[in-house]
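Here is the structure we will look at.
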Amino acid sequence: MVIAGAGSAGYGISKILKQVGCNQILVIDSQGIIYQNRPEGMYNKYKQELSSITNPTRMKGSLEDAIVGADVFIGVSGKPNILEGQNGHDHE
């Protein structure tokens, strides 16, 4: 499961999904996949908490890396066209 957006919506959705038993959650922010001890962009307690309750394998990379093989994508980022491919076509 991939959640694009680590703001209040992404944080809340992650917490709810974790409470109902989802364990394979990756949260993506503008710096990439959130993981524990990531050196960049971990400036608030909410991202710190997300890093401790999601991404159990400590995967690193971009949104494109995260969605490979993902069953669910939840987009709550304010960034437009976040899934637009390199060739200008949207993923389906």
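Values quoted throughout were computed directly from the atomic coordinates according to the rules given, and no laboratory measurement underlies them. Predicted model, so just to flag it, every value in this text is computed and none were measured. We place every Cβ from the backbone using ideal geometry, glycine too, and count neighbours over all the protein chains shown.
Taking the DSSP beta bridges with both ends in the chain, the antiparallel portion is around 35 percent.
Along the charge dipole of the chain, pointing to its positive end and built from +1/-1 on Cβ of Lys, Arg, Asp and Glu, which listed residue (ASN81, GLN48, SER14) has its Cα farthest out? After comparing all options, I get GLN48. Taking label positions 7 Å along the Cα-Cβ direction at both GLN36 and LYS15, the computed distance is 2.0 nm, reported to one decimal. Net charge dipole, the chain: roughly 520 debye, given to the nearest 20, about the Cα centre with Cβ charges of +1 for Lys and Arg and -1 for Asp and Glu. Within the set (1) 61; (2) 28; (3) 46, the number that percent of Cα pairs over 20 Å apart takes when calculated for this structure is listed as (2). With the simple spin-label model, which puts each label point 7 Å out from Cα in the Cβ direction, the SER8 to GLU64 separation comes to 3.3 nm. Using C-alpha pairs under 8 Å with a sequence gap of at least 6, the mean separation divided by the residue count of the chain gives a relative contact order of 37 percent.
Expressed as a whole number of Å, what is the distance separating the alpha-carbon centroids of segment 46-84 and segment 18-44? With segment 18-44 and segment 46-84 each reduced to a Cα centre, they are spaced 7 Å. Extension gain, ASN81 to THR57: 0.36 nm times the residue separation minus the Cα-Cα distance gives 5.9 nm.
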